[in-house]
1. When residues of the range 189-205 are filtered for being farther than 10 Å from SER254 by Cα and touching a Gly at 6+ places or on another chain (Cβ under 7 Å), how many remain?
2. Quickly run through the range 1-15 and pick out the residues that are surrounded by 14 or more Cβ atoms within 10 Å (Cβ to Cβ) and free of Cβ contacts under 8 Å to residues at least 40 places away in the same chain.
3. Restricting to the range 175-187, name every residue that is buried (at least 24 other Cβ atoms within 10 Å of the Cβ) and under 9 Å from TYR303 (Cβ atoms).
4. Looking at the structure I just gave you, is ILE259 surrounded by 15 or more Cβ atoms within 10 Å (Cβ to Cβ) and not in a strand (DSSP E or B)?
5. Quick test of your reading of the structure: ARG159 fulfils all but one of (1) in contact with a Pro (Cβ under 7 Å, 6 or more places away or on another chain); (2) assigned to a loop (DSSP other than H, G, I, E, B). Name the failing condition by number.
6. Among the residues of the range 305-314, are any surrounded by fewer than 20 Cβ atoms within 10 Å (Cβ to Cβ) and in a strand (DSSP E or B)?
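The values are calculated or read from the model by the stated rules, or taken from the named source; none is laboratory data. Values in this document were obtained by computation on a predicted structure and should not be read as measured data. Quick reminder, even Gly has a Cβ in these numbers, built from the backbone with ideal geometry, and neighbours come from all protein chains shown.
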Amino acid sequence: MQLPKFNELYKSLILTPSISSLEKELDISNKPVIDLLAGWFSELGFSINITSVPETNGKFNLVATYGQGDGGLLLAGHTDTVPFDDGLWTKDPFQLTEKDDKWYGLGSIDMKGFFAFVLEACKNIDLTKLDKPLRILATADEETTMAGARAIAAAQSFRPDYAVIGEPTNMVPVFMHKGHMSEAIRITGRSGHSSDPANGINAIEIMHQVTGQLLILQRKLKEQYACDHFVIPQPTLNFGQVHGGDSPNRICGSCELHIDMRPIPGVEPDELFMLLNQALLPIMKQWPGAVDVYHLHEPIPAYACDTDSALIKLAEKLTGESVIPVNYCTEAPFIQQLGCDTIVMGPGSINQAHQPDEYLDLAQVKPTQAIIQKLIEQSCKN
């Protein structure tokens with residue numbers, strides 16, 4: 001089998017749905033994408049290891065390896081995409097459409113297309129002359145639970161020197177980002193007829209106390225924590241969703257608030273979760289058993305790479321760009337657990353990610369291919 005041309009690789013990846021969603025009716029296995037990648041990298045002489053990801057809906061990780069032992073370079077990305085709103089897309093999300101020097105398609109930059117760039121770079125390199133191993137990691141469920149990257153971190157089956165995650169950064173190297181926590185606060189009161197408030201416990205009234213305490217916590221986070229690399233230096237706390245009650249003439253029996261918290265490097269999710277519970281402790285004591293705080297998903301820690309890293313210096317040299325921090329999350333904190341210097345750097349703009357008519361600007365193709373090829377050669381040769 002001869003490896004397809006670059007545009008055909010891209011076309012095949014876009015054509016193959018691999019949506020991850022917490023809504024079961026939208027969730028799709030990524031196995032067809034994994035199988036495509038396995039076939040292509042196998043054709044280039046890579047050894048292939050495909051593993052199922054625990055506690056997922058038929059999801060898989062792939063590690064393709066050229067060479068032996070530890071060290072070398074890991075090029076990593078996720079195979080899943082977010083769901084799409086068919087009414088907002090003006091093009092078929094599963095067809096690679098070229099228009100106005102852009103390639104449109106779901107996953108074109110976030111981030112199945114990255115694997116086409118890696119394959120093209122590998123085609124143009126004499127891999128037999130590499131002195132250190134080159135590994136390609138394709139993960140599952142980054143857009144939901146990050147279960148694929150968590151499984152790789154837990155397995156600790158290889159240890160590269162460097163890792164580059166190809167999320168869309170316009171090929172500007174990223175050395176730091178905040179984490180992400182989604183937390184639920186549920187108030188369980190006691191319903192009753194609204195004509196006599198004493199006959200029940202109004203969950204909305206208790207939630208009013210909760211929001212007051214959380215506003216105090218917001219100020220505390222701003223006053224006590226800071227990472228000056230970010231425009232918004234403190235861990236943030238956002239009120240995202242609230243629902244309670246079912247009728248104006250009933251005492252509200254339950255109310256639930258969902259909040260978003262963003263840890264910064266040096267502040268672990270467990271610390272923020274503890275502060276959240278401490279802030280609500282007076283209300284918990286006042287209303288025993290009424291307040292429940294829990295994760296909506298497993299927290300994602302913040303990430304930072306040492307700016308003195310040889311990988312960062314190499315990335316800055318190859319791209320001509322200085323490293324930057326970003327606010328969005330990636331798999332970097334989990335890949336970093338493999339013991340490697342880790343950066344985020346890939347083609348496309350984050351402004352197109354999760355958007356209708358997601359696209360890759362074709363002006364980025366040749367420069368990106370050249371950078372990835374040089375990155376491999378300079379990381380895997382003595």
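1. Keep residues of the range 189-205 that are farther than 10 Å from SER254 by Cα, which gives 192-200, 205.
When the remaining residues are screened for being touching a Gly at 6+ places or on another chain (Cβ under 7 Å), the result is 192, 199-200.
Number satisfying all stated conditions: 3.
2. PRO4, SER12
3. PHE175, HIS177, LYS178
4. Details: surrounded by 15 or more Cβ atoms within 10 Å (Cβ to Cβ): yes; not in a strand (DSSP E or B): no.
For ILE259, the condition - surrounded by 15 or more Cβ atoms within 10 Å (Cβ to Cβ) and not in a strand (DSSP E or B) - is not met.
5. (1)
6. There is no residue in the range 305-314 that is surrounded by fewer than 20 Cβ atoms within 10 Å (Cβ to Cβ) and in a strand (DSSP E or B).
Conditions tested, residue by residue: (1) in contact with a helix residue (DSSP H, G or I) (Cβ under 6 Å, 6 or more places away or on another chain); (2) farther than 22 Å from LEU22 by Cα; (3) outside any strand (DSSP E or B); (4) of a type in the set (Phe, Trp, Tyr).
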{"residue": "LEU214", "(1), (2), (3), (4)": "no, yes, yes, no"}
{"residue": "PHE230", "(1), (2), (3), (4)": "no, yes, yes, yes"}
{"residue": "HIS243", "(1), (2), (3), (4)": "no, no, no, no"}
{"residue": "ILE264", "(1), (2), (3), (4)": "no, yes, yes, no"}
{"residue": "TYR294", "(1), (2), (3), (4)": "no, no, no, yes"}
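Let's see how each residue does on (1) within 30 Å of GLY339 (Cβ to Cβ); (2) surrounded by fewer than 19 Cβ atoms within 10 Å (Cβ to Cβ); (3) out of contact with any strand residue (DSSP E or B) (no Cβ under 6 Å at 6 or more places or on another chain); (4) modelled with pLDDT under 95:
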{"residue": "LEU44", "(1), (2), (3), (4)": "yes, yes, yes, no"}
{"residue": "ASN49", "(1), (2), (3), (4)": "yes, yes, no, no"}
{"residue": "GLU55", "(1), (2), (3), (4)": "yes, yes, yes, yes"}
{"residue": "LEU62", "(1), (2), (3), (4)": "yes, no, no, no"}
{"residue": "LEU75", "(1), (2), (3), (4)": "yes, no, no, no"}
{"residue": "ASP80", "(1), (2), (3), (4)": "yes, no, yes, no"}
{"residue": "TRP89", "(1), (2), (3), (4)": "no, yes, yes, no"}
{"residue": "TRP103", "(1), (2), (3), (4)": "no, no, no, no"}
